[in-house]
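The values are calculated or read from the model by the stated rules, or taken from the named source; none is laboratory data. These numbers were taken from a predicted model, which means no experiment stands behind them. Note that each Cβ is placed from the backbone with ideal geometry, even for glycine, and that neighbours are counted across all protein chains shown. Each accessible area value is taken on the protein alone, full model and side chains, heavy atoms only, with ligands, DNA and RNA left out. Shrake-Rupley method; radii C 1.70, N 1.55, O 1.52, S 1.80 Å.
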Amino acid sequence: MNEECFFMVYVERGLSPTVKHPNILSAEAEAKRLAKMTGKRVYVLCSIMLVETNEFKITDMRPEEGLPF
């Protein structure tokens, strides 16, 4: 799986980030806007790892020539 890195912006003592920015320039612009608006410190966060769980593993066991019925 080849997921793309994304960026999020966090305002110190604010709510959890919810918007994924596709590049650092977009995140930086948002961070500047929020810092100016709130007067608080704003962090640009970068995704570094994806962790998932898969509940089912399905294996296709049908013969290549098709089912006999």
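Counting heavy atoms of the protein chains only and a 1.4 Å probe, report the per residue accessible area for the chain as a whole number of Å². Write down the numbers at each step before the final one.
Details: 6680 Å² over 69 residues.
I get 97 Å² per residue for this part.
Helices in the chain, meaning DSSP H runs of at least 4 residues, each add -39500 (n - 2.57). Divided by all residues, the mean residue ellipticity at 222 nm is -7000 deg cm²/dmol.
Select from the chain those GluC sites (Glu not before Pro) which occupy a DSSP coil region and have at most 10 other Cβ atoms within 10 Å, ordered by residue number. Don't skip to the end; give the middle numbers.
On the way: sites: 3, 4, 12, 28, 30, 52, 55, 64, 65; in loops: 3, 4, 12, 52, 55, 64, 65.
Listed in order of number, the matching sites are 3, 4, 12, 52, 55, 64, 65.
Tell me the relative contact order for the chain as a rounded percent, counting alpha carbon contacts under 8 Å between residues six or more apart. Before the final figure, lay out the partial values.
Numbers: 67 pairs, mean separation 22.7, N = 69.
Answer for the chain is 33 percent.
Shown here: Rg and Dmax of the Cα atoms in Å, derived from the displayed model; of the candidates (1) 21.4, 71; (2) 15.9, 47; (3) 12.1, 37, it corresponds to (1).
Axis of helix 24-38 versus longest Cα principal axis of the chain: the two differ by about 40°, to the nearest ten degrees. Think of each Lys and Arg Cβ as +1 and each Asp and Glu Cβ as -1; about the Cα centre, that makes the dipole of segment 29-69 roughly 860 debye. Quick one: pull the percent of accessible area on the chain belonging to carbon and sulfur, 1.4 Å probe, ligands and nucleic acids left out. Heavy-atom surface of the chain belonging to carbon and sulfur, 1.4 Å probe: 57 percent.
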